[in-house]
Amino acid sequence: MKDIGIIAVGGYNEVGRNMTAIKIGKDIVVMDMGIRLDRVQIHEDTDVESLHASDLIAMGAIPDDSIMSHVDGKVRAIACTHGHLDHIGAISKLAHKYKAPIIATPFTADLINQEIKSERIFGVENPVMPMSAGERYQVTPDIELEFVRVQHSIVDCVFAAIHTKQGIILYANDFKIDRSPTLGEPPDFARLKALGKEGVVALITETTNASISGKTPSEQIAKDLVWDVLMGTEESKSGVMVTTFSSHIARIRSIIEAAHKMGRKPVLLGRSMEKYWGTAVRTGYAERNEGLTVYGRRKSVDKALKRIMTEGKDKYLPIMTGHQGEPGAILSRVANGETEYLVESGDKVVFSAGIIPQPLNISNRYTVETKLKMRGARVYDNIHVSGHACREDHWELLRMINPEHVIPSHGNLVSHGNYLMMAEDTGYSLGSNIHLVRNGQELLLE
Ligand SMILES: [Zn+2]
């Protein structure tokens with residue numbers, strides 16, 4: 001029997017820059033290559049596209065894959081589970097070091113291709129192979145990679161099941177157990193249960209929200225919250241701006257639907273809104289929407305905002321970037337009075353997003369909210385539900401999969417610790433079949 005090695009390259013000490021190498025004998029499957037954006041944003045005017053991999057590694061922004069040069073094996077495939085930047089954002093900096101195809105679902109693969117295209121230092125020539133949930137790829141005669149449908153805050157998200165002679169390794173980053181999603185199907189519970197029966201050697205899972213008790217509400221609840229705020233008011237003539245994650249296509253579709261119900265024209269504003277919406281249209285997750293306009297470039301955004309002012313704010317629902325208060329995003333520019341969109345007393349600003357709890361975001365978000373309030377805006381905060389499983393969702397997955405070994409990833413020691421206590425409640429125990437692995441370490445399952 002060949003040994004299985006789990007090599008924690010990145011994302012085991014933090015939320016961000018995920019990368020795991022799974023070694024079966026001398027064959028390696030790399031899961032995810034992500035970036036940790038707060039390490040980049042802290043330096044003003046950092047242009048990631050023109051930074052060298054070694055500089056980004058030194059900043060702690062991308063996984064330190066130097067450990068891979070000491071590993072006795074060959075990378076046969078790189079697979080990404082979804083299109084968030086903490087899972088694909090380092091592809092353009094690291095993938096060229098490995099002679100292996102990049103495998104991802106169609107929406108994710110499209111985003112990866114865009115990352116590779118915008119890269120200015122490295123020529124990434126690895127073939128990008130789209131593979132849908134439910135399909136399989138033969139990595140070597142002994143190893144097969146299967147994608148299993150799950151739900152998350154971005155469309156086309158999957159678990160990766162790596163089938164080996166020693167059993168299955170299930171890579172579960174990221175997910176929520178959502179039985180009533182507003183876009184796409186619920187997780188493939190039948191397949192997950194079948195994998196559990198076949199025999200899972202190791203489950204590698206995120207712990208992002210394992211410190212939060214209970215269950216993550218469905219995306220349908222988020223839709224209800226957004227609709228309740230947008231339509232549940234007598235002040236239906238006031239200006240309304242909505243900001244949310246530009247990669248959260250399901251949420252944006254709910255907001256667009258609400259705009260039509262309100263009799264307002266939805267307008268998507270901002271470069272990343274244009275990027276993700278365009279990707280969704282190309283891959284069939286959104287239709288070319290009658291009455292929806294999208295503006296990416298600064299000049300066209302400014303023109304659109306000017307037109308909204310002349311035609312009447314009550315005729316439009318602008319959906320824009322800037323929910324974390326990012327300087328330079330459209331909402332910050334509106335708050336600064338840098339556009340012709342005038343915020344007046346009683347105008348509503350809806351944050352369909354939580355604050356990502358990092359000091360930089362908290363400070364930026366405080367700044368933008370305060371500036372908006374000083375102009376008279378009414379702020380609706382946290383009209384949002386998370387895309388990450390909470391503690392009881394983890395309990396459910398763990399019992400469904402029933403793995404021999406559990407390896408928490410994608411989190412910090414606090415969230416790993418909370419996951420661990422839950423797992424011990426189900427009968428696992430730290431050191432024997434739950435393993436705390438830190439960045440740069442290899443766990444050998446013999
Ligand atoms: Zn994610």
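The values are calculated or read from the model by the stated rules, or taken from the named source; none is laboratory data. Bear in mind that the values here come from a model prediction, so they are computed numbers and not experimental data. With ideal geometry, Cβ positions are generated from the backbone for all residues, glycine too; neighbour counts draw on all protein chains shown. With ligands, DNA and RNA removed, areas are computed over all heavy atoms of the protein, side chains included. Shrake-Rupley method; radii C 1.70, N 1.55, O 1.52, S 1.80 Å.
By the equivalent-ellipsoid construction on the alpha carbon gyration tensor, the stretch 192-239 comes out with semi-axes of 41, 13, 8 Å, ordered largest to smallest.
Using the C-alpha atoms of the chain, what convex hull volume per residue, in cubic angstrom, is computed? Show your work: numbers first, answer last.
Values: hull volume 57.7 nm³, N = 446.
Spelled out: Cα convex hull of the chain, divided by residues, is 129 Å³.
When all protein chains stay in place and ligands, DNA and RNA are ignored, the 1.4 Å accessible-area order of Glu257, Glu235, Glu146, largest first, is Glu235, Glu257, Glu146. The residues Phe122, Phe175, sorted by heavy-atom accessible surface at 1.4 Å with ligands and nucleic acids left out, run Phe122, Phe175 from largest to smallest.
With the highest mean first, a sort of the peptides 15-25, 318-328 on other beta-carbon atoms found within 10 angstrom per residue produces 15-25, 318-328.
You can think of it this way: the chain between Arg399 and Thr293 has 33.6 nm of extra reach, that is 0.36 nm per residue less the Cα-Cα gap.
For Ser132, Ser409, the ranking by accessible surface with the largest value first comes to Ser132, Ser409, using a 1.4 Å probe. Using a cut-off of under 18 Å, list every residue of the stretch 166-203 whose amide N is near the label point 7 Å from the Cα of Glu392 along the Cα-to-beta-carbon line. Backbone N within reach: 176-181. Centre-to-centre separation between the Cα atoms of the stretch 1-36 and those of the stretch 59-90: 7 Å. The heavy atoms of Arg264 present about 10 square angstrom of accessible area, all protein chains included, probe 1.4 Å.
Rolling a 1.4 Å probe over the protein heavy atoms leaves Glu344 with an accessible area of roughly 80 Å². Remark: the stretch 219-380 carries 47 Å² of accessible area per residue (probe radius 1.4 Å; ligands, DNA and RNA excluded). Annotation: amide H-H contacts under 5 Å for Gly440 (H modelled 1.01 Å from N, sequence separation of 5 or more, or interchain): Ala8, Val9.
Could you grab the Rg to Rh ratio for the stretch 219-380? Cα atoms only, Kirkwood for Rh. Each step should come with its number before you reach the end.
Numbers: Rg = 14.5 Å, Rh = 15.6 Å.
With Rg and the Kirkwood Rh in hand, the quotient comes to 0.93.
Computed over the chain with a Gaussian network model linking Cα atoms closer than 10 Å, the most mobile of Phe351, Phe107, Phe189 is Phe189.
For Val294, the residues whose amide H sits under 5 Å from its own are Leu268, ignoring neighbours fewer than 5 places away on the same chain, with H placed 1.01 Å from N.
Note down the net charge around Asn382, summing +1 for each Lys or Arg and -1 for each Asp or Glu among other residues with Cβ under 12 Å from its Cβ. Mind showing how you got there, number by number?
Numbers: positive: Arg365; negative: Glu369, Asp381.
Net of charged neighbours comes to -1.
In this structure Lys303 has an accessible area near 150 Å², from a 1.4 Å probe over the protein heavy atoms. Relative to the longest principal axis of the Cα atoms of the chain, the long axis of helix 298-311 makes an angle of roughly 40 degrees.
Over 28 Å between Cα atoms, which of Lys237/Lys373; Lys97/Lys193; Lys23/Lys215; Lys223/Lys315; Lys193/Lys261 qualify?
Working: Lys237/Lys373 19 Å; Lys97/Lys193 36 Å; Lys23/Lys215 33 Å; Lys223/Lys315 21 Å; Lys193/Lys261 40 Å.
From the list (Lys237/Lys373; Lys97/Lys193; Lys23/Lys215; Lys223/Lys315; Lys193/Lys261), the Cα-Cα distance tops 28 Å for Lys97/Lys193; Lys23/Lys215; Lys193/Lys261.
Per DSSP H run of at least 4 residues, take -39500 (n - 2.57); add these up for the chain, divide by its residues and hand me the 222 nm value, nearest 500 deg cm²/dmol.
On the way: 14 runs with 140 residues, N = 446.
Result for the chain, helices only: -9000 deg cm²/dmol.
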